[in-house]
Structure formats: structure tokens, C-alpha cells
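Asks: First, the structure itself, so that you have it in front of you.
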Amino acid sequence: MTTFDLVIPGGTVVTASDIFQCDVGIRDGRIVSLGHSLAGDHTIDASDRLVLPGGIDSHVHVSQPSGPDIIMADDFASATRSAAFGGNTTIMPFCLQEKGNSMRQAIKDDHGLADGNCYIDVSFHMIISDPTEQLLGQDLPALVEDGYTSFKIFMTYDDLKLDDREILEVMSAARRTGALVMVHAENYDAIRFMTDKLESAGNIAPYYHATSRPIVVEREAPHRAISLAELVDVPLVVVHVSNGEAMEEIHRAQTKGLKVFAETCPQYLVLTEQDLDGLNMEGAKYVCSPPPRDQESQAACWDGIKRGVFDVFSSDHCPFRYDDTAGKLVPKGRTSFRWVPNGIPGVETRLPILFSEGVSKGRIDLNKFVAITSTNHAKMYGLYPRKGTISVGADADIAIWDANREVTISQNILNHGADYTPYEGMKVIGWPQTTIVRGKCVVRNGQLSGKPGDGIYLERDRSPYAASPVSTA
Ligand code: DUC
Ligand code: ZN
Ligand code: ZN
């Protein structure tokens, strides 16, 4: 008797805590059995393969407004297709409230872009840039109830940055509503001071982007954000941490018992600021914030992954085309690094880079890999146990990996909308070959088998890591 729509037999199943041999039985998009000798309507053989929870990338930018005449390189179709090829089954892009605009409208606009166009599942974080009374008092509580349960705030950038008072107001609103606060922690005034000085001295090349935001400006900001969060008694996620000094601020807070969580990204493990030092404008390919640092910082980030200071490993995929005046070669960018769009592509390469540099090279084990690329994202952002694990009752979101496949990362094998990869020429061992979203094969043996609309929008529960909402009853 056939009992399953799809069976994945013969693989080695890995979760954040266990490794075991079994078949996975799937019905109606969910995992319904982990057993042996299962039979189904369809079979995808996983002999000699790893069967992992699909990657969840909780830090991705898609079609985000990025300033006058700048266009992001990925829309929801290309970003989710690229993510699927990289072994992901859910991404979490940001919905940006521009100053003077309503968050509701921004979310409506992004649904207009995303709904029906995604190959894998998506769920939005918000970005709060204009914390009006209307937003904090009325809209935010309603949006959190509707499943938009996390938001990011910025401590830098002209159009985004909040001052300390605004941060306190926003954190208080998160405390009341049970939303989870993410913070981009760099010191705005220090960066402006450095940028003005560098420009005055004629140091305008992309390389000076890194000089303008040294480690100390990234060490001060998380310290301040954590202090403000402590004052309000609200949990905090510090995103895209690039170095040991910022990380130690976080670790100190964690040791003290504060609910402070942290994220790092591939660029901080395998790139350095020397990559920004290319001829002509080549360095623009690596302009992102915080910038890649040095080998000592890379080692510190690995140490933070191993010690558990970092809960999640995300891509911070923020793609701009290089050879494009609406991208990295925007004309003003030649007058100063200040105008080069900030961000690099990486949603497709996040998992292979961590797998190769981490698991294949013996720095981390498979359970840790699954934890920081999938399970912890689901837990942190209110999707667990539906997402982020392989267990009976969970969505059948699965990536089948060939742990021995050797690949040289190159633009011509990637599927993102950018025209380059910052990881060109990097050799990796381990590659995802098949990606299954709620039981539907979206990528099969490296070939696209899904279509736009296979991915759905996910409303999320409140994060168990956030404050308990204050009852108004
Ligand atoms: N912060 C991000 O999170 N992504 C890209 C640019 C930035 O500053
Ligand atoms: Zn940021
Ligand atoms: Zn980002």
C-alpha cells in the first residue's frame, strides 16, 4: 500500500542534535514518517548523501529601495531561485519603511512584488526608519499580531539611522508588543567624521570604505545598543558582526545573562579588507557594511561560531550589479566610496562556503552547521518546529547534499541577478544537489524543477526569544 507522496530513502539525516540513517516519508507537504523501507508515489534516492533541513537565511535584501537611481540586482523570483540552488527553503527579506511612509503600505508593496513570484518560502522582517507615534502605538502592535514579528533598526546611514532616544522608544514598543529587535550597530557620527577626513585627503577609492568604518566604530555601537536594550529590558539581535571586539561586547552581555543574540556572515569568515583594494573600481564589488576585516577577525568569528556566541549564520545577501550605472558603478561612486551601494550577493553561496570551510575542514560538526544555518533561524524568528528541522509534523523542507562534491565558485554557475560573485574562484567541497520545499522538488540534481509560486508567504509566531507581550486586557 502506498502511503506517501514522496519518499527520500537511504540518506544520512542530520538535525541540530542528531545524525541517523533513515528514509523520510512525506505526505501533503509534511514529514509524516522517519523509518525504514518506506514506499511512496515518488522517490528521490539519497544513498551516500546527507539529508539536511533546508537552509533558512534570515538576513536577505530583495528589491529593497536603495537610493536614487540604484536598483537591487534581485527581485523575488531571482532571489528565491538562487536561494533554492544554494540549498535554502526559506528566506527572510526586509520590508523597508522609508521616512514619511507607513509601514503597512511598505508591507503591502512588498507583498505585491513577492506574492506568486517565489520559488521558496519567504517571510518579512520590517525596517523601522520613522518611529512615529502612529507606528509604535497603533500599527506595530497590529502588524506583530499579523505575523510580522521582528524588525531591524539602524544606528547609521543618513536616511535610516535612529538616535538613542528613538532607539529607546522603539525598543519599548518591542517590549510591549513582543517583537524581536535586530540592530545594525555602527556609529553614524564616527563614520561621517572619518569619511569627511578621508575625502578631504583625496582618499576616495572603494578601499577607503573599510578605512572609514574601522573596528572601533563597530565595537562602540553594539555596546550602546546592548546598554539601551538592558535599560528597557528587551532582547536584542546584533546582526552582521564582523570582528572579535564587537563580538566580545556581545559575549560579555550574554555572560551577564542578558538576552543578546548575534549573527555573522560568510564575508567575515573568508574575505578581508584587502579585497576592497582592487584596481580602478574593482574594490566596489566588496563594499558592504560592516566591511570585511582581517585574518584575526576571521579567526575571532570562527571562534564565536564554535563557542556559541553566534546563534545564526546568514548571508546578508544585498546584491547590486557591478558593471551597471544603477549598481556598483553608479557615476557618483567614482567621486567617493561614500556613494558606492553597500552590499554583496551571497544567498546561493552561504551554505557551501560554511559547509566547506567549516564542516569539510573540520572546524565545526554537521549538527552545528544545521543549527546555525537553519534550526536557530526558525527558533529565533518564530517558525519552529514547522521549519528548521527534520521531524514528524514539520514541513518537508529538505536539502540533499553531496558532501564530497568539489566546486569552484564562479559567476557562471550561479543563479542570482548580480553579474559577479565576491567569491569568484573559491574552491569548496560539499554542494547541495536537490532542494525540496514542502514536499515539492524545486531543484533536482542541480536542475531547476520548481516555478514561481511554489514558495508561499509565512506569517510567523512571536519569537520565543523576544519579550513576552504586555497584556492590554
Ligand atoms: N546592512 C545590511 O544589513 N545589509 C546591507 C547594507 C547594510 O548596511
Ligand atoms: Zn545592516
Ligand atoms: Zn543586511
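The values are calculated or read from the model by the stated rules, or taken from the named source; none is laboratory data. The structure presented is a predicted model; accordingly, all values stated were derived computationally and were not measured. Please note: Cβ atoms are built from the backbone with ideal geometry, for glycine as well, and neighbour counts cover all protein chains shown. With ligands, DNA and RNA removed, areas are computed over all heavy atoms of the protein, side chains included. Shrake-Rupley method; radii C 1.70, N 1.55, O 1.52, S 1.80 Å.
Asks: Which of the residues spanning region 99-146 are open to solvent by 10 Å² or more (accessible area, probe 1.4 Å) and in contact with a Phe, Trp or Tyr (Cβ under 8 Å, 6 or more places away or on another chain)?
Replies: Step one: list which residues in region 99-146 are open to solvent by 10 Å² or more (accessible area, probe 1.4 Å), which gives 99-102, 104-106, 108-113, 115-117, 119, 130-134, 136-139, 141-142, 145-146.
Once the filter is applied, which keeps residues that are open to solvent by 10 Å² or more (accessible area, probe 1.4 Å) and in contact with a Phe, Trp or Tyr (Cβ under 8 Å, 6 or more places away or on another chain), region 99-146 yields D110, H111, L113, D115, N117.
Asks: Right, next: Does R224 meet the test of being away from ligand 1 (no atom under 16 Å from the Cβ), assigned to a helix (DSSP H, G or I) and free of Cβ contacts under 8 Å to residues at least 12 places away in the same chain? Outline the logic, then answer.
Replies: Values: away from ligand 1 (no atom under 16 Å from the Cβ): yes; assigned to a helix (DSSP H, G or I): yes; free of Cβ contacts under 8 Å to residues at least 12 places away in the same chain: no.
Taking the combined requirement at face value, the residue does not satisfy it.
Asks: Next question. Could you list, in sequence order, all residues of region 214-257 that are of a type in the set (D, E, K, R) and more than 16 Å from ligand 3 (Cβ to nearest atom)?
Replies: Restricting attention to region 214-257, the residues satisfying the condition of being of a type in the set (D, E, K, R) are 218-220, 224, 230, 233, 245, 248-249, 252, 256.
The answer is R219, E220, R224, E230, D233, E245, E248, E249, R252, K256.
Asks: On the basis of being within 16 Å of ligand 2 (Cβ to nearest atom) and either open to solvent by less than 10 Å² (accessible area, probe 1.4 Å) or not charged (D, E, K, R) (or both), does L96 make the cut? Before the answer, list the steps.
Replies: Values: within 16 Å of ligand 2 (Cβ to nearest atom): yes; either open to solvent by less than 10 Å² (accessible area, probe 1.4 Å) or not charged (D, E, K, R) (or both): yes.
In short, yes.
Asks: When you go through T149, T156 one by one, which is the residue that is β-branched (V, I, T) and either open to solvent by 40 Å² or more (accessible area, probe 1.4 Å) or away from ligand 3 (no atom under 16 Å from the Cβ) (or both)? I'd like the intermediate steps shown before the answer.
Replies: Working: T156 fails: either open to solvent by 40 Å² or more (accessible area, probe 1.4 Å) or away from ligand 3 (no atom under 16 Å from the Cβ) (or both).
Testing whether each residue is β-branched (V, I, T) and either open to solvent by 40 Å² or more (accessible area, probe 1.4 Å) or away from ligand 3 (no atom under 16 Å from the Cβ) (or both) leaves just T149.
Asks: Turning to a different aspect of this structure: Only one of K427, K440, K451 is within 26 Å of P385 (Cβ to Cβ) and among the basic types (K, R). Can you tell me which?
Replies: Working: K427 fails: within 26 Å of P385 (Cβ to Cβ); K451 fails: within 26 Å of P385 (Cβ to Cβ).
Every option except K440 fails the conditions.
Asks: Check whether at least one residue in region 164-186 is open to solvent by 50 Å² or more (accessible area, probe 1.4 Å), farther than 26 Å from S463 by Cα and not hydrophobic (A, V, I, L, M, F, W, C), and report yes or no. Talk me through it step by step, then tell me what you get.
Replies: Of all residues in region 164-186, those open to solvent by 50 Å² or more (accessible area, probe 1.4 Å) come to 164-166, 169, 175-176.
Still in the running and farther than 26 Å from S463 by Cα: none.
No, there is no match, as no residue in region 164-186 is open to solvent by 50 Å² or more (accessible area, probe 1.4 Å), farther than 26 Å from S463 by Cα and not hydrophobic (A, V, I, L, M, F, W, C).
Asks: For region 134-158, which positions are in a helix (DSSP H, G or I) and either under 25 Å from D75 (Cα atoms) or in contact (Cβ under 8 Å) with a residue 40 or more places away in the chain (or both)? Walk me through how you get there before you give the answer.
Replies: Looking only at region 134-158, we keep the residues that are in a helix (DSSP H, G or I), and these are 134-145.
Passing the criteria: L143, V144.
Asks: How many residues, within region 5-22, are free of Cβ contacts under 8 Å to residues at least 60 places away in the same chain and open to solvent by 20 Å² or more (accessible area, probe 1.4 Å)? Give the steps one after another, and end with the answer.
Replies: As a first pass, look at region 5-22 and keep what is free of Cβ contacts under 8 Å to residues at least 60 places away in the same chain: 7, 9-10, 12, 20-22.
Filter again for open to solvent by 20 Å² or more (accessible area, probe 1.4 Å), leaving 9-10, 12, 20-21.
Within region 5-22, residues that are free of Cβ contacts under 8 Å to residues at least 60 places away in the same chain and open to solvent by 20 Å² or more (accessible area, probe 1.4 Å) number 5.
Asks: Moving on. Within region 116-133, how many residues turn out to be over 20 Å from the mean Cα position of the chain (by Cα) and touching a residue at least 24 places away in the same chain (Cβ under 8 Å)? Break it down into steps so the answer makes sense when it comes.
Replies: As a first pass, look at region 116-133 and keep what is over 20 Å from the mean Cα position of the chain (by Cα): 116, 130-133.
Now restrict to residues that are touching a residue at least 24 places away in the same chain (Cβ under 8 Å): 116, 130-131.
Residues flagged as over 20 Å from the mean Cα position of the chain (by Cα) and touching a residue at least 24 places away in the same chain (Cβ under 8 Å) within region 116-133 amount to 3.
Asks: Out of I413, I409, I436, I400, report the one residue that is open to solvent by less than 10 Å² (accessible area, probe 1.4 Å), farther than 28 Å from D23 by Cα and of a type in the set (A, V, I, L, M, F, W, C). Steps first, please.
Replies: On the way: I413 fails: open to solvent by less than 10 Å² (accessible area, probe 1.4 Å); I436 fails: farther than 28 Å from D23 by Cα; I400 fails: farther than 28 Å from D23 by Cα.
After applying the criteria, what remains is I409.
Asks: Also, quick follow-up: S242 fails exactly one of the following numbered conditions: (1) open to solvent by less than 50 Å² (accessible area, probe 1.4 Å); (2) assigned to a helix (DSSP H, G or I). What is the number of that condition?
Replies: For S242, the exception is condition (2).
Asks: Would you check if G439 is among the small types (G, A, S), touching a Pro at 6+ places or on another chain (Cβ under 9 Å) and in contact (Cβ under 8 Å) with a residue 40 or more places away in the chain?
Replies: Values: among the small types (G, A, S): yes; touching a Pro at 6+ places or on another chain (Cβ under 9 Å): no; in contact (Cβ under 8 Å) with a residue 40 or more places away in the chain: yes.
No.
Asks: May I pose another question? F124 - would you say it is within 16 Å of ligand 1 (Cβ to nearest atom), among the aromatic types (F, W, Y) and within 18 Å of L228 (Cβ to Cβ)? Full working, then the answer.
Replies: Values: within 16 Å of ligand 1 (Cβ to nearest atom): yes; among the aromatic types (F, W, Y): yes; within 18 Å of L228 (Cβ to Cβ): no.
No, not satisfied.
Asks: Within region 257-296, work out how many residues are surrounded by fewer than 23 Cβ atoms within 10 Å (Cβ to Cβ) and either assigned to a helix (DSSP H, G or I) or among the small types (G, A, S) (or both).
Replies: 11
Asks: Being surrounded by fewer than 22 Cβ atoms within 10 Å (Cβ to Cβ) and farther than 30 Å from G283 by Cα is the requirement here; does G450 meet it? Before you say what the answer is, go through the steps one by one.
Replies: On the way: surrounded by fewer than 22 Cβ atoms within 10 Å (Cβ to Cβ): yes; farther than 30 Å from G283 by Cα: yes.
Criteria met by G450.
Asks: On to the next question. Test N445 against the criterion of being within 18 Å of the chain's Cα centre (by Cα), farther than 27 Å from F310 by Cα, among the polar types (S, T, N, Q) and surrounded by fewer than 23 Cβ atoms within 10 Å (Cβ to Cβ), and give yes or no. Break it down stepwise before answering.
Replies: Numbers: within 18 Å of the chain's Cα centre (by Cα): no; farther than 27 Å from F310 by Cα: yes; among the polar types (S, T, N, Q): yes; surrounded by fewer than 23 Cβ atoms within 10 Å (Cβ to Cβ): yes.
Criteria not met by N445.
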